[in-house]
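Undergrad: Below are the C-alpha coordinates for one structure; questions will follow.
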Amino acid sequence: MVNRYFKAYTLDEFDRFIRNFNFTRPINHIQIHHTWKPRKTDYQGEKTIEAIWRYHTETRGWSDIGEHFTISPDGLIWDGRDLNVIPAGISGHNIGGMMFEMIGNFDKGQEVLEGKQLDSILGAVNIMLDHLNLTTVDIVFHREYANKTCPGSGITKDWFIAQINKWKEEHWQVKGETPLPFKDLTPKHWAYPSIKRLYDIGIITGTS
(Lines give C-alpha, C1' and ligand atoms only; values in the text may rest on other atoms or scores of the structure.)
Protein backbone atom coordinates (compact mmCIF):
# COMPACT_ATOMS: atom_id res chain seq x y z
CA MET A 1 0.00 0.00 0.00
CA VAL A 2 1.39 3.39 -1.04
CA ASN A 3 1.67 5.97 1.72
CA ARG A 4 1.38 9.73 1.22
CA TYR A 5 2.47 12.06 3.98
CA PHE A 6 1.08 15.54 4.53
CA LYS A 7 2.51 18.62 6.22
CA ALA A 8 0.42 20.91 8.42
CA TYR A 9 1.13 24.65 8.52
CA THR A 10 0.11 27.35 10.93
CA LEU A 11 -0.97 30.56 9.23
CA ASP A 12 2.46 32.16 9.76
CA GLU A 13 4.18 29.07 8.36
CA PHE A 14 1.82 29.09 5.38
CA ASP A 15 2.66 32.74 4.74
CA ARG A 16 6.41 31.99 4.70
CA PHE A 17 5.90 28.96 2.47
CA ILE A 18 3.87 30.88 -0.11
CA ARG A 19 6.25 33.84 -0.21
CA ASN A 20 9.17 31.50 -0.89
CA PHE A 21 7.41 29.19 -3.35
CA ASN A 22 8.48 29.23 -7.00
CA PHE A 23 5.26 29.52 -8.99
CA THR A 24 5.71 28.31 -12.57
CA ARG A 25 2.12 28.61 -13.81
CA PRO A 26 -0.28 31.56 -13.92
CA ILE A 27 -3.02 31.58 -11.26
CA ASN A 28 -6.01 33.82 -11.89
CA HIS A 29 -8.61 32.61 -9.41
CA ILE A 30 -8.96 30.97 -6.00
CA GLN A 31 -11.49 28.18 -5.55
CA ILE A 32 -13.32 27.69 -2.23
CA HIS A 33 -14.78 24.27 -1.39
CA HIS A 34 -16.03 22.26 1.57
CA THR A 35 -15.64 18.51 1.94
CA TRP A 36 -19.30 17.86 2.94
CA LYS A 37 -17.93 14.49 4.03
CA PRO A 38 -15.87 14.19 6.17
CA ARG A 39 -17.59 16.54 8.58
CA LYS A 40 -15.80 18.65 11.18
CA THR A 41 -16.74 16.07 13.80
CA ASP A 42 -15.02 13.34 11.75
CA TYR A 43 -11.66 15.10 11.73
CA GLN A 44 -8.73 13.02 13.05
CA GLY A 45 -5.69 14.98 11.94
CA GLU A 46 -3.47 13.63 9.17
CA LYS A 47 -5.51 10.41 9.12
CA THR A 48 -8.43 12.39 7.69
CA ILE A 49 -6.28 14.11 5.05
CA GLU A 50 -4.89 10.74 3.99
CA ALA A 51 -8.43 9.36 3.72
CA ILE A 52 -9.38 12.22 1.38
CA TRP A 53 -6.27 11.50 -0.69
CA ARG A 54 -7.12 7.79 -0.90
CA TYR A 55 -10.67 8.59 -2.01
CA HIS A 56 -9.42 10.95 -4.70
CA THR A 57 -6.71 8.62 -6.00
CA GLU A 58 -8.13 5.13 -5.46
CA THR A 59 -11.86 5.73 -5.95
CA ARG A 60 -11.90 8.67 -8.35
CA GLY A 61 -8.67 7.72 -10.11
CA TRP A 62 -6.97 11.10 -9.81
CA SER A 63 -3.19 11.45 -9.77
CA ASP A 64 -3.18 13.11 -6.33
CA ILE A 65 -5.45 14.73 -3.77
CA GLY A 66 -7.63 17.27 -5.56
CA GLU A 67 -7.01 20.38 -3.47
CA HIS A 68 -3.84 22.36 -2.93
CA PHE A 69 -4.62 22.99 0.75
CA THR A 70 -7.12 21.64 3.26
CA ILE A 71 -8.25 23.80 6.19
CA SER A 72 -9.04 21.68 9.24
CA PRO A 73 -11.35 22.55 12.17
CA ASP A 74 -8.35 23.22 14.43
CA GLY A 75 -7.09 25.90 12.03
CA LEU A 76 -4.20 23.94 10.54
CA ILE A 77 -3.52 24.28 6.83
CA TRP A 78 -2.64 20.89 5.34
CA ASP A 79 -0.66 20.72 2.13
CA GLY A 80 -1.90 18.73 -0.83
CA ARG A 81 -1.49 18.87 -4.59
CA ASP A 82 1.58 20.65 -5.97
CA LEU A 83 0.70 24.32 -6.47
CA ASN A 84 2.20 24.17 -9.96
CA VAL A 85 -0.38 21.54 -10.96
CA ILE A 86 -3.96 22.60 -11.65
CA PRO A 87 -6.50 21.42 -9.04
CA ALA A 88 -9.25 18.87 -9.48
CA GLY A 89 -11.95 21.11 -8.11
CA ILE A 90 -14.42 22.44 -10.69
CA SER A 91 -14.95 20.41 -13.84
CA GLY A 92 -14.03 22.50 -16.88
CA HIS A 93 -12.81 25.45 -14.80
CA ASN A 94 -9.55 24.31 -13.20
CA ILE A 95 -7.00 25.99 -15.47
CA GLY A 96 -5.60 28.99 -13.64
CA GLY A 97 -7.11 27.82 -10.38
CA MET A 98 -5.74 27.48 -6.87
CA MET A 99 -7.92 25.41 -4.53
CA PHE A 100 -8.74 25.52 -0.83
CA GLU A 101 -10.93 22.83 0.73
CA MET A 102 -12.44 23.30 4.19
CA ILE A 103 -13.25 20.20 6.22
CA GLY A 104 -16.91 20.27 7.18
CA ASN A 105 -20.50 20.28 5.99
CA PHE A 106 -21.44 23.94 5.83
CA ASP A 107 -24.92 23.54 4.39
CA LYS A 108 -27.71 25.33 6.28
CA GLY A 109 -28.59 23.57 9.52
CA GLN A 110 -25.38 21.56 9.55
CA GLU A 111 -21.94 22.73 10.73
CA VAL A 112 -20.71 26.31 11.07
CA LEU A 113 -17.52 27.83 9.68
CA GLU A 114 -16.12 29.62 12.72
CA GLY A 115 -13.24 30.04 15.16
CA LYS A 116 -9.75 28.92 14.21
CA GLN A 117 -10.90 27.35 10.95
CA LEU A 118 -12.56 30.57 9.80
CA ASP A 119 -9.52 32.64 10.78
CA SER A 120 -7.20 30.32 8.85
CA ILE A 121 -9.19 30.29 5.63
CA LEU A 122 -9.56 34.09 5.74
CA GLY A 123 -5.85 34.57 6.41
CA ALA A 124 -4.75 32.01 3.82
CA VAL A 125 -6.95 33.50 1.11
CA ASN A 126 -5.69 37.01 1.90
CA ILE A 127 -2.09 35.78 1.68
CA MET A 128 -2.75 34.23 -1.72
CA LEU A 129 -4.59 37.28 -3.03
CA ASP A 130 -1.75 39.52 -1.93
CA HIS A 131 1.04 37.33 -3.26
CA LEU A 132 -0.64 36.70 -6.61
CA ASN A 133 -1.87 40.29 -7.06
CA LEU A 134 -5.49 39.15 -7.18
CA THR A 135 -8.63 40.68 -5.65
CA THR A 136 -11.80 39.33 -4.05
CA VAL A 137 -13.35 39.36 -7.54
CA ASP A 138 -11.07 36.40 -8.26
CA ILE A 139 -12.54 34.25 -5.47
CA VAL A 140 -14.75 31.48 -6.86
CA PHE A 141 -17.26 29.26 -5.05
CA HIS A 142 -17.64 25.74 -6.48
CA ARG A 143 -21.41 26.20 -6.80
CA GLU A 144 -20.95 29.07 -9.24
CA TYR A 145 -19.99 26.54 -11.91
CA ALA A 146 -21.76 23.36 -10.79
CA ASN A 147 -25.15 22.21 -9.54
CA LYS A 148 -23.90 21.95 -5.96
CA THR A 149 -24.14 23.89 -2.70
CA CYS A 150 -20.34 23.84 -2.18
CA PRO A 151 -18.78 25.38 -0.11
CA GLY A 152 -22.06 25.08 1.75
CA SER A 153 -25.46 26.75 1.49
CA GLY A 154 -24.85 28.22 4.94
CA ILE A 155 -22.03 30.37 3.52
CA THR A 156 -23.07 33.22 1.26
CA LYS A 157 -20.57 34.74 -1.13
CA ASP A 158 -21.29 38.25 0.14
CA TRP A 159 -20.67 37.20 3.75
CA PHE A 160 -17.44 35.41 2.86
CA ILE A 161 -16.06 38.38 0.91
CA ALA A 162 -17.00 40.71 3.76
CA GLN A 163 -15.11 38.46 6.18
CA ILE A 164 -12.07 38.43 3.86
CA ASN A 165 -12.04 42.24 3.83
CA LYS A 166 -12.61 42.47 7.58
CA TRP A 167 -9.70 40.11 8.28
CA LYS A 168 -7.43 42.16 6.01
CA GLU A 169 -8.40 45.40 7.72
CA GLU A 170 -7.94 43.98 11.22
CA HIS A 171 -4.62 42.25 10.55
CA TRP A 172 -2.87 44.27 7.87
CA GLN A 173 -4.29 47.77 7.85
CA VAL A 174 -3.32 49.27 11.19
CA LYS A 175 -5.34 52.48 11.47
CA GLY A 176 -3.84 55.59 13.02
CA GLU A 177 -0.45 53.99 13.56
CA THR A 178 2.82 55.62 12.59
CA PRO A 179 4.69 53.37 10.12
CA LEU A 180 7.81 51.70 11.45
CA PRO A 181 11.11 53.04 10.01
CA PHE A 182 11.92 49.93 7.99
CA LYS A 183 11.63 50.43 4.24
CA ASP A 184 10.91 46.77 3.46
CA LEU A 185 8.48 46.08 6.33
CA THR A 186 4.71 46.45 6.07
CA PRO A 187 1.98 45.49 8.59
CA LYS A 188 1.10 42.43 6.51
CA HIS A 189 4.55 40.90 6.83
CA TRP A 190 4.43 37.78 9.01
CA ALA A 191 7.16 39.14 11.32
CA TYR A 192 5.63 42.61 11.74
CA PRO A 193 4.16 42.08 15.27
CA SER A 194 7.48 40.80 16.67
CA ILE A 195 9.54 43.55 15.05
CA LYS A 196 7.08 46.17 16.26
CA ARG A 197 7.40 44.93 19.84
CA LEU A 198 11.20 45.16 19.64
CA TYR A 199 10.95 48.66 18.17
CA ASP A 200 8.44 49.80 20.80
CA ILE A 201 10.72 48.82 23.69
CA GLY A 202 13.81 50.32 22.07
CA ILE A 203 15.80 47.18 21.23
CA ILE A 204 15.88 48.13 17.55
CA THR A 205 15.59 51.63 16.09
CA GLY A 206 15.22 51.20 12.36
CA THR A 207 16.78 53.46 9.74
CA SER A 208 16.56 57.17 9.11
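Undergrad: Of the residues LYS188, LYS168, LYS157, only one is at pLDDT below 95 and either in the same structural domain as ASP42 (by TED's automatic domain parsing) or surrounded by 16 or more Cβ atoms within 10 Å (Cβ to Cβ) (or both); which? Reasoning before the result, please.
TA: On the way: LYS188 fails: either in the same structural domain as ASP42 (by TED's automatic domain parsing) or surrounded by 16 or more Cβ atoms within 10 Å (Cβ to Cβ) (or both); LYS157 fails: at pLDDT below 95.
Exactly one of LYS188, LYS168, LYS157 is at pLDDT below 95 and either in the same structural domain as ASP42 (by TED's automatic domain parsing) or surrounded by 16 or more Cβ atoms within 10 Å (Cβ to Cβ) (or both), namely LYS168.
Undergrad: In the list MET102, MET98, which residue meets the criterion of being buried (at least 23 other Cβ atoms within 10 Å of the Cβ) and more than 26 Å from THR41 (Cβ to Cβ)?
TA: Values: MET102 fails: more than 26 Å from THR41 (Cβ to Cβ).
Answer to the check: MET98.
Undergrad: When you check GLU101 against the structure, is it part of a strand (DSSP E or B), of a type in the set (D, E, K, R), within 16 Å of HIS142 (Cβ to Cβ) and under 13 Å from the mean Cα position of the chain (by Cα), yes or no? First the steps, then the outcome.
TA: On the way: part of a strand (DSSP E or B): yes; of a type in the set (D, E, K, R): yes; within 16 Å of HIS142 (Cβ to Cβ): yes; under 13 Å from the mean Cα position of the chain (by Cα): yes.
It is true that GLU101 is part of a strand (DSSP E or B), of a type in the set (D, E, K, R), within 16 Å of HIS142 (Cβ to Cβ) and under 13 Å from the mean Cα position of the chain (by Cα).
Undergrad: Scan the strands (runs of 3 or more DSSP E) fully inside region 1-94 and keep the ones with 1 or more residues being in the same structural domain as ASN133 (by TED's automatic domain parsing), charged (D, E, K, R) and surrounded by 13 or more Cβ atoms within 10 Å (Cβ to Cβ).
TA: Those strands (runs of 3 or more DSSP E) span 77-79.
Undergrad: Can you pull out every residue in region 23-56 that is of a type in the set (S, T, N, Q) and without any contact (Cβ under 8 Å) to a residue 24 or more places away in the chain? Let's see the steps before the verdict.
TA: Restricting attention to region 23-56, the residues satisfying the condition of being of a type in the set (S, T, N, Q) are 24, 28, 31, 35, 41, 44, 48.
Residue satisfying the conditions is GLN44 alone.
Undergrad: What pairs come up if the first residue lies in region 104-121 and is within 15 Å of PHE14 (Cα to Cα) and at pLDDT 95 or above, the second is of a type in the set (Ser, Thr, Tyr) and surrounded by fewer than 20 Cβ atoms within 10 Å (Cβ to Cβ), and their beta carbons are under 9 Å apart, counting only those six or more places apart or on different chains?
TA: Every condition considered, the pairs that remain are SER120/THR10.
Undergrad: Could you look through region 1-51, keep only residues that are touching a Ser or Thr at 6+ places or on another chain (Cβ under 7 Å) and among the hydrophobic types (A, V, I, L, M, F, W, C), and pick out the one that is farthest from GLU114 (Cα to Cα)? Write out each step before concluding.
TA: In the first step, residues of region 1-51 are kept if they are touching a Ser or Thr at 6+ places or on another chain (Cβ under 7 Å); the result is 11, 38, 42-43, 49.
Applying the additional criterion that residues be among the hydrophobic types (A, V, I, L, M, F, W, C) yields 11, 49.
Numbers: LEU11: 16, ILE49: 20 Å.
If we take residues in region 1-51 being touching a Ser or Thr at 6+ places or on another chain (Cβ under 7 Å) and among the hydrophobic types (A, V, I, L, M, F, W, C), then ILE49 is farthest from GLU114 (Cα to Cα).
The values are calculated or read from the model by the stated rules, or taken from the named source; none is laboratory data. All figures in this text were calculated on a predicted structure; none of them were measured in a lab. Here Cβ is always computed from backbone atoms with ideal geometry, including for glycine, and neighbour counts include all displayed protein chains.
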